[in-house]
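What follows is a short report on a single structure.
Each reported figure results from applying straightforward, stated rules to the coordinates on display, with no laboratory input. Keep in mind it's a predicted model, so treat the numbers as computed, not measured. With ideal geometry, Cβ positions are generated from the backbone for all residues, glycine too; neighbour counts draw on all protein chains shown.
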Amino acid sequence: MNTSSTLGIPSTGTAPRHVAIIMDGNGRWATRRHLPRKAGHVRGVDAVRNVVQACGEAGVEYLTLFAFSSENWRRPPEEVSLLMRLFMQAIEREIGKLEEQGVRLRIVGDITAFEPRLQRLIRDAELRTAGNDRMHLTVAANYGGRWDVLNAMRALLRSEPHLASAPEAIDEARLAPYLSLAFAPEPDLLIRTGGEQRISNFAIWQLAYTELYFTERYWPDFGASALAEAFAWYGGRERRFGRTSAQLVQDPMTLLAQGG
Ligand code: IPE
Ligand code: IPE
Ligand code: MG
C-alpha cells in the first residue's frame, strides 16, 4: 500500500533534475580573511551567479536557493538590512539576463514581511520571466519549512472548508498542491555548504527523499567545479525510496504499475 506520494525513481546517472542549495558560510568566509561579514555576503551573490550559470549548462531544470530563512530575522538589524539591500540589487541587476536566458524566477516564502519596494520588485521580476521555462530558478526568502506546511494546510482548508470536519480525507496528494514548491518535482539533491549538517528549517516536506550532500566549502568559494563534484557524488547514490536494491533492477515502469 502506498502511504507516500513519493513514487518514481529518478535516475542518478544524469544531472539531478532539481537541485536545492542551503548557501551557508558567507560570514565565516569573510571572518577568515579578517573582513567584515558584509564582504562574504557580497561574494555570496557572485557565487549565486556562477552556480545558476553552471546549473543551466549542466541541464538542471529546477534550482532552488535558500537565501534568507524565517529565523534569519534574529540577526543584528544591520546585517538583515544589508541582506535585503543585496537581494534587491541582485534582482535589479540580474533580471534582464535571466529573462533573456529563458530562466523563470520565483521567490517562495512570506514576502509580505518585506518592505513594499522589495515586494514590488519581486512581483515584477516574477511577471517578467513568467513565460520562461528553460530553467526554474527559485529563491527561498523569509522561507521556513514549517511555515510552508502550515501555510499549505491553511490554504487547503480555506479552499475546501468541508475538510475541517473530515480530516481523514486529507492526504499528501491533497495538501501538496498548496505547498510553495508545488510547481517543481521534489529536489533530487540538496547541497549545503559551510560545513553544518542540518536542514535549518528549509524545505522539510519536499526534502523527505532528497540525497543530502554536505561540504565544508564556504558558499563564496562554491562554483562550477564544486558543483561538478557534488553531481559526481550524486551519480554514485542508489535511490531506493523504501525498496530493496534488488527491486531496482526491475523496470521502473513495472514498479510503478505495482503501486510503487
Ligand atoms: C549564509 O551565510 C547566508 C545567510 C544565511 C543569509 P551565513 O551568513 O550564515 O554565514 P555563516 O554561517 O555565519 O558563516
Ligand atoms: C541557513 O543558514 C539559512 C540560509 C542559508 C538562508 P543559517 O546560517 O541561518 O543556519 P543556522 O542558523 O546555522 O542553522
Ligand atoms: Mg550560517
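In the stretch 93-112, which residues are assigned to a loop (DSSP other than H, G, I, E, B) and under 13 Å from the mean Cα position of the chain (by Cα)? Within the stretch 93-112, just 109 meets the criteria.
Residues checked against (1) hydroxyl-bearing (Ser, Thr, Tyr); (2) more than 16 Å from ligand 2 (Cβ to nearest atom):
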{"residue": "160", "(1), (2)": "no, yes"}
{"residue": "169", "(1), (2)": "no, yes"}
{"residue": "173", "(1), (2)": "no, yes"}
{"residue": "176", "(1), (2)": "no, yes"}
{"residue": "180", "(1), (2)": "yes, no"}
{"residue": "194", "(1), (2)": "no, no"}
{"residue": "206", "(1), (2)": "no, no"}
{"residue": "221", "(1), (2)": "no, no"}
{"residue": "246", "(1), (2)": "no, yes"}
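Scanning the stretch 192-204 turns up no residue that is within 16 Å of ligand 1 (Cβ to nearest atom), closer than 13 Å to residue 234 by Cα and of a type outside the set (Val, Ile, Thr). Taking residues in the stretch 36-48 that are within 14 Å of ligand 3 (Cβ to nearest atom), and partners anywhere that are of a type in the set (S, T, N, Q), the pairs with Cβ atoms closer than 6 Å and at least 6 places apart or on different chains are 40/26; 41/26; 44/26.
Residue pairs whose Cβ atoms lie under 7 Å apart, separated by 6 or more positions or on different chains, with the first residue in the stretch 6-27 and acidic (Asp, Glu) and the second within 16 Å of ligand 1 (Cβ to nearest atom), are 24/192; 24/193; 24/194; 24/196; 24/219.
If only residues of the stretch 92-117 that are within 16 Å of ligand 2 (Cβ to nearest atom) and of a type in the set (A, V, I, L, M) are counted, the one that is nearest to residue 56 (Cα to Cα) is 107. Considering only the stretch 183-220, state which residues are charged (D, E, K, R) and surrounded by 15 or more Cβ atoms within 10 Å (Cβ to Cβ). Residues satisfying the conditions are 186, 188, 192, 211, 217. Inspect all residues belonging to the stretch 22-32 and state whether any of them is within 16 Å of ligand 3 (Cβ to nearest atom), over 19 Å from the mean Cα position of the chain (by Cα), surrounded by fewer than 17 Cβ atoms within 10 Å (Cβ to Cβ) and not hydroxyl-bearing (Ser, Thr, Tyr). Scanning the stretch 22-32, I find at least one residue that is within 16 Å of ligand 3 (Cβ to nearest atom), over 19 Å from the mean Cα position of the chain (by Cα), surrounded by fewer than 17 Cβ atoms within 10 Å (Cβ to Cβ) and not hydroxyl-bearing (Ser, Thr, Tyr), so the answer is yes. Filtered by the rule that a residue be assigned to a loop (DSSP other than H, G, I, E, B) and either within 12 Å of ligand 1 (Cβ to nearest atom) or over 28 Å from residue 239 (Cα atoms) (or both), the stretch 7-66 gives 23, 24, 25, 33, 34, 35, 36. Would you check which residues across the stretch 59-75 are under 16 Å from the mean Cα position of the chain (by Cα) and not acidic (Asp, Glu) and list them? Within the stretch 59-75, 60, 62, 63, 64, 65, 66, 67, 68, 69, 70 meet the criteria. Screening residue 134 with (1) touching a residue at least 40 places away in the same chain (Cβ under 8 Å); (2) over 22 Å from residue 54 (Cα atoms); (3) under 20 Å from the mean Cα position of the chain (by Cα) gives one miss only, at (2). Here residue 71 fulfils each of the conditions (1) surrounded by 15 or more Cβ atoms within 10 Å (Cβ to Cβ); (2) closer than 18 Å to residue 201 by Cβ apart from (1).
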